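The values are calculated or read from the model by the stated rules, or taken from the named source; none is laboratory data. Owing to the predicted nature of the structure, the values given are computational and were not obtained by experimental measurement. All Cβ positions, even for glycine, are placed from backbone atoms using ideal geometry, and neighbour counts span all protein chains on display. What goes into the accessible areas is simple: the full protein's heavy atoms, side chains included, and nothing from ligands, DNA or RNA. Shrake-Rupley method; radii C 1.70, N 1.55, O 1.52, S 1.80 Å.
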Amino acid sequence: MTAQAQNFDLAILGAGPAGLAAAAVASELGLSCVLLDEQDQPGGQIYRGLGRMAARLPDRLAMFGTSYQRGLPLLQGLHAARIDYRPGTLVWQIDPPGRIWTHGTGPVEEIEATRLLLCSGAMERPVPVPGWTLPGVLGAGAAQIILKSAGLVPDAPVVFVGNGPLLYLLLSQYQAAGIEPAAVLLTGGIHDWAGGALHLPGFLASGALPEAAKLLAALRRSSARIVRQVSDVSIVGKAAVEAVAFMSQGRREFIPACLVCLHEGVIPHTQLTRLIGCAHHWDKQQHAYRPSLDRWGNTTIEGIQVAGDGGGIAGARAAELTGRIAALEAARALGRLTEDERDRRSAPDRRKLARILRGRSFIDTLYGPRLARRPPADETIVCRCEEVTAEQVRQAVREGCKGPNQVKSFLRCGMGSCQGRFCGLAVAQIIAAERGVPMDEVGYYRIRPPIKPIELGALAEMAEV
Amino acid sequence: MARIADVVIIGAGIQGCSAALHCRQRGLSVIVVEKDHVGRHASGVNAGGVRRLNRHPAEIPLSVASMHIWHGIEDLLGDDCGFRISGQVRIAETPADLETLKTRAQHVRDLGFTHEEIIGREELYELVPALAAHCLGALIARDDGFANPAQTTRAFCRRATELGAMFLEGCRAEPPRRHGNVWEVPTTAGTVQAATIVNTAGAWGDAIAAALGEPVPIEPVAPMLMITDRLPAFITPVVGSASRYMSFKQLPNGTALIGGGTLGTADPAGNLTRLDLPGLATLAEAARALFPIMRRTRVVRCWAGIEGQLPDGIPVVGPSSTEPGVFHAFGFSSHGFQLGPVIGRIVAELIADGQSTLPLEPFSIARFAAHKQDTRLKEAS
């Protein structure tokens, strides 16, 4: 049999800041620990390619700013720790509490762990506007991945649309690479500052100000046309992007573009917690579903914890802290640490975490989604895989569909290879609005294995005895 | 105030929706009570096979009658239900398989039916060129096919609704109580009164039967399915094998649907299924062995529905053995979809005419009378 069962105290899924920090603590406490990561290099999205770049092209690090380099100690910790680190490994099925099926370059493998810590991080919030499925529309995250992993930059007019720290970060990184976009269309605006001001003291206390100031400086420095408070954005083009249309100060405008970075922040990546069956709830402030966690990152399923942005967006520094705290709790649950010891060791991290979280309301309010806040217009394609429009979803609700799973069976939306990662939120929003009920009542797609497609042959090899 | 109808149907899967339609066609007023939503379980998520091929001998007359309805399904429902006449084949991979299938074909002919025939190697590879080279022949039912199960179940519901049936979704039925000739079904949406109860509650059907003093040894099972990425069209018939538990079909959108035998775990109380990975691997291995071109195709999603399996592999269909005014149609043991259209007609016949035109003796709930005693003994001990 090619599939070999292997046993660990703790399996950590995801080698971003939360997973790396948790792995270091777990290993220090003597837990046998496997760290599974889909990427070939550790660091997650935020520190993607950092290790390789630091080793081969240290000169280029400056282009990505100091916050990028902050990941280096975490990566070094990975080398020091006694951890079974498995890059390039997709976790595609979990049978709770601790049976995990993975797929890397070889056959499917089965791993057993007493406890699981999910550090799946964030994914970019889908922004379904008319034309968002045209070739040439990228999430800012995708645009950044291209820059980080290959150093590729576009040579045609680029337009940034949306808001949020990542958009500014990307702008500063593009500037450092010698690229200025043709225009930056900001969907946030003055009224957000009024709302955000309430949370300003918390933000100032959080210590995030210098970094934020640096990002905003990129915007001031930019020679691009900056338009604030844009609304009714649509991407125009026949076979690919040709222009961005939008409303600003009561006027309809068009800006030609070949590449559009469309970004309105990030949301917790919940496919794994959904697959396992953990309870989730709607977070109004972050305008996203998140798994319901206690203060140690325990989900509603025994033995399953979450740390980092996958449990609610708080950024890389908070992810490190929640990762460390979760690892201490895992050690306690495994009987390696007393409750008192866990509490004592986690106290400094908790204080730092509280400070960061105080600043979060400000950022959430200021950079909340605008385009993606309301359900999309009728003509918008919500499900890219099966090409289902918002209008079709509304029609299905009128025919009696009460939740996403019924809509899925009516229209096939969410049945494609992304399993609803792109359409899940929009479909739930449409249903909630049409029925006039809260998001928690609408719920979400049932997620099925495999989380991401795997080759039939790889699965078949598991059966060969 | 209680809702009143001639017939209350418990369970809005394909059997319940079909029963509602046929009862309305007989002029009976109908309320359908469904704890989740229409087609939520087995009826909405099964493989969609519309198959007479290789049926249990007792089911053949029903299956053949149902196929007549299938061939006119669009006229009946105003919806094509995704029904395609693709043919179904059951392949012989070994000489022993071929003998088994030949015996089977003869048995079916002896019963007076002509829909199953043997084809040789040459015709098999003409029909299924993508098949691995080792196969020897097959049993075929040329007018069998497949349909979209969720679409079909909804179409029955929609047509029944148009004819005046009332569907109460998200409404759980509690055990019924009889007052003289009137049945009362307490539900989460109030009491429903009717002269007749129809139990089409699938894997949950035994709870109602048990409340009426006729428990059955039903086992909730979760047949697993997997679906792949889209591929260019490469196969028309639905393919099974005499040596493997697998059913393989390519849907009109190009995806391949693989199911047909391996089971996950069903938790009917929690509305949940749990997949069994080695079982999925067995399915994948079977698909790869018969269709080598599938090796690099990606599996996109795996799932299972909850079905009620009875020990002899055939359903309970017919009147209650303990109470008047109650009719059962449940426990279809993972092959009820094709029978759906005719089961609704049978239920309507039983209610309106007091008998069915089709032979129902093998499906009587009385065959499990011994189980009732076992249950009593267990309770006593």
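Here are some notes:
- When residues of the range B:1-46 are limited to those that are in a loop (DSSP other than H, G, I, E, B) and of a type in the set (D, E, K, R), the one nearest to B:P149 (Cα to Cα): B:R40
- Number of positions in the range B:95-153 that are over 20 Å from B:Q338 (Cβ atoms), in contact (Cβ under 8 Å) with a residue 24 or more places away in the chain and β-branched (V, I, T): 3
- From the list A:L272, A:L334, the one residue that fits, being more than 16 Å from the chain's Cα centre (by Cα) and in contact (Cβ under 8 Å) with a residue 60 or more places away in the chain, is A:L334.
- Scanning the range B:178-237 for residues that are buried (at least 17 other Cβ atoms within 10 Å of the Cβ), in a helix (DSSP H, G or I) and not charged (D, E, K, R) turns up B:G202, B:A203, B:W204, B:G205, B:A207, B:I208, B:A209.
- The criterion of at least 2 residues that are among the aliphatic types (A, V, I, L, M) and more than 19 Å from the chain's Cα centre (by Cα) is met by the following strands (runs of 3 or more DSSP E) wholly inside the range B:257-323: B:298-304.
- The listed residues are B:V300, B:V347, B:V317, and the only one of them that is within 14 Å of chain A (Cβ to nearest Cβ) and either over 18 Å from B:T152 (Cα atoms) or in contact with a His (Cβ under 9 Å, 6 or more places away or on another chain) (or both) turns out to be B:V300.
- Counted residues, the range B:200-230 - those being farther than 18 Å from B:D267 by Cα, touching a Lys or Arg at 6+ places or on another chain (Cβ under 8 Å) and within 14 Å of chain A (Cβ to nearest Cβ): 4
- Qualifying positions in the range A:441-463 - over 24 Å from B:H41 (Cβ atoms), more than 7 Å from chain B (Cβ to nearest Cβ) and over 19 Å from the mean Cα position of the chain (by Cα): A:A458, A:E461
- Applying the criterion of being open to solvent by 20 Å² or more (accessible area, probe 1.4 Å) and part of a loop (DSSP other than H, G, I, E, B) to the residues of the range A:122-148, the residue that is nearest to the other protein chains (Cβ to nearest Cβ) is A:T133.
- When B:V45 is tested against (1) within 14 Å of chain A (Cβ to nearest Cβ); (2) in contact with a helix residue (DSSP H, G or I) (Cβ under 6 Å, 6 or more places away or on another chain); (3) more than 30 Å from B:A195 (Cα to Cα), just one condition goes unmet, and that condition is (2).
- Pair list, Cβ under 8 Å, 6 or more apart: the range A:364-380 residue within 21 Å of A:S248 (Cβ to Cβ), other residue modelled with pLDDT under 95 and open to solvent by 50 Å² or more (accessible area, probe 1.4 Å): A:L366/A:W193; A:Y367/A:P165; A:G368/A:Q285
- Within the range A:389-403, the residues that satisfy the criterion of being closer than 18 Å to A:T133 by Cα and either facing another protein chain (nearest Cβ under 9 Å) or open to solvent by 40 Å² or more (accessible area, probe 1.4 Å) (or both) are A:E391, A:Q392.
- Within the range B:286-297, considering residues that are buried (at least 20 other Cβ atoms within 10 Å of the Cβ) and at the interface with another protein chain (Cβ under 8 Å from one of its Cβ atoms), the one farthest from B:T94 (Cα to Cα): B:T297
Yes/no matrix, rows are residues, columns are (1) away from every other protein chain (no Cβ under 14 Å); (2) surrounded by fewer than 21 Cβ atoms within 10 Å (Cβ to Cβ); (3) closer than 29 Å to A:L169 by Cα; (4) touching a strand residue (DSSP E or B) at 6+ places or on another chain (Cβ under 9 Å):
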| residue | (1), (2), (3), (4) |
| --- | --- |
| A:L272 | yes, no, yes, yes |
| A:A279 | no, yes, no, yes |
| A:A288 | yes, no, yes, yes |
| A:P291 | yes, no, yes, yes |
| A:D294 | yes, yes, no, no |
| A:G297 | yes, no, yes, yes |
| A:A307 | yes, no, yes, yes |
| A:G310 | yes, no, yes, yes |
| A:I313 | yes, no, yes, yes |
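- Condition broken by A:E434, with the remaining ones in (1) closer than 20 Å to A:E387 by Cα; (2) touching a helix residue (DSSP H, G or I) at 6+ places or on another chain (Cβ under 8 Å) satisfied: (1)
- Members of the range B:85-113 that are over 22 Å from B:I235 (Cβ atoms) and among the acidic types (D, E): B:E99, B:D110
- Filtering the range B:333-371 to residues that are modelled with pLDDT under 95 and in contact with an Asp or Glu (Cβ under 6 Å, 6 or more places away or on another chain) leaves only B:S334.
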